[in-house]
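The values are calculated or read from the model by the stated rules, or taken from the named source; none is laboratory data. Just so it is clear, the model here is predicted, and its values are computed rather than measured. Neighbour counts are summed over all protein chains in view; Cβ atoms, including those assigned to glycine, are modelled from backbone coordinates with ideal geometry. The area values use the complete protein model at the heavy-atom level, side chains included, leaving out ligands, DNA and RNA. Shrake-Rupley method; radii C 1.70, N 1.55, O 1.52, S 1.80 Å.
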Amino acid sequence: MALFDLPLDELRAYRSVADEPEDFDAFWSKTLQQARAHDLDARFEPVDTGLTTVRVFDVTFAGFGGHPVKGWLTLPAGADDPLPLVVEFIGYGGGRGLPHEHLLWASTGRAHFVMDTRGQGSAWGGGGGTADPVGGAPAYPGFMTRGIDAPENYYYRRVYTDAVRAVEAARSHPLTDPARTVAVGSSQGGGITIAVGGLVPDLAGIAPDVPFLCDFPRAATLTDRHPYREIGLYLKTHRSRTEDALRTVSYFDGVHFAARGRAPALFSAALEDQTCPPSTVFAAFNAWAHDDKAIEVYDFNDHEGGGPFQQAVKLRWMGSYI
């Protein structure tokens, strides 16, 4: 796919016109307050993985609605003092997978927590094990339109809440240092990372790669690739619901969370990315409120973005913060 979005100089200046709900902060304050009414109940069960350089814990904690959410906590073997912490969120359709799929960050001497994404984990990787017990109104197959009838019902309300609680759960372990916590993720995981960056005030940094869930109004009309296309296919049938659907997703738009970002940030974008168009990534990056921010741009890449090259960039970047 050749370049299809704005030229790079225009991307660097691009600002989303997505409307922010007047009660955005109140909505999220109430949502998190309701979640925290449930005991976090974070449990860490040691797992014998056959790996000798790391220790792995099978984690369960209470997410949205008190629902059990799974994760893996991986620590360097022999660690006995609190470690810098990397909390990771997973791309669309994936789950926490298997412990040996997540060795990079523990190999740097840091603690690593990866959150399972409720209801997902059946499309790629080693799978997932967290159910989403909440039903919803009619939806197009996938996750983008589940509960799109109202913000209170939307699927990503539950996921973003789980993600905030995942940070709290990971920080509750005695061998993690809450003051040195960075959130990372790619694609859907990048979008969740941006939301966490807007909802958790004291992170040391965030690093979203080719993030999804940003600038919904532009994304849903610019690309015909899934998952954004799920919204258009839903509205193709529900012809009178466009205004309601756009209102719902406005509470979950990374652009609005970015405006509340209070940590250093490293983004990445790919100029041939049809899944998460570069203008939607730059919309969130340009809105990110903290002055210490940078974005890596991969000119001829699609949604794979920088791949291992971006991992190397993050390794260098993270050394300045945790």
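For the stretch 164-218, filtering for residues that are hydroxyl-bearing (Ser, Thr, Tyr) and open to solvent by 10 Å² or more (accessible area, probe 1.4 Å) leaves 3. The number of residues in the stretch 105-163 being of a type outside the set (A, V, I, L, M) and assigned to a loop (DSSP other than H, G, I, E, B) comes to 31. Taken over the stretch 1-31, the residue count meeting the criterion of being crowded, with 17+ Cβ neighbours inside 10 Å, under 30 Å from residue 201 (Cα atoms) and either in contact with a Leu (Cβ under 9 Å, 6 or more places away or on another chain) or hydroxyl-bearing (Ser, Thr, Tyr) (or both) is 6. Pairing each residue of the stretch 1-22 that is more than 17 Å from residue 276 (Cβ to Cβ) and in contact (Cβ under 8 Å) with a residue 24 or more places away in the chain with any residue that is open to solvent by less than 70 Å² (accessible area, probe 1.4 Å) and aromatic (Phe, Trp, Tyr), provided the two are 6+ apart or on different chains, yields C-beta distances under 6 Å for 21/251. Within the stretch 141-162, the set of residues being open to solvent by 30 Å² or more (accessible area, probe 1.4 Å) and closer than 17 Å to residue 243 by Cα comprises 146, 149, 152, 153. Of all the listed residues (67, 38), the sole one being within 22 Å of the chain's Cα centre (by Cα) and farther than 19 Å from residue 181 by Cβ is 67.
Of everything in the stretch 67-104 that is among the aliphatic types (A, V, I, L, M) and part of a loop (DSSP other than H, G, I, E, B), the residue that is surrounded by the fewest Cβ atoms within 10 Å (Cβ to Cβ) is 77.
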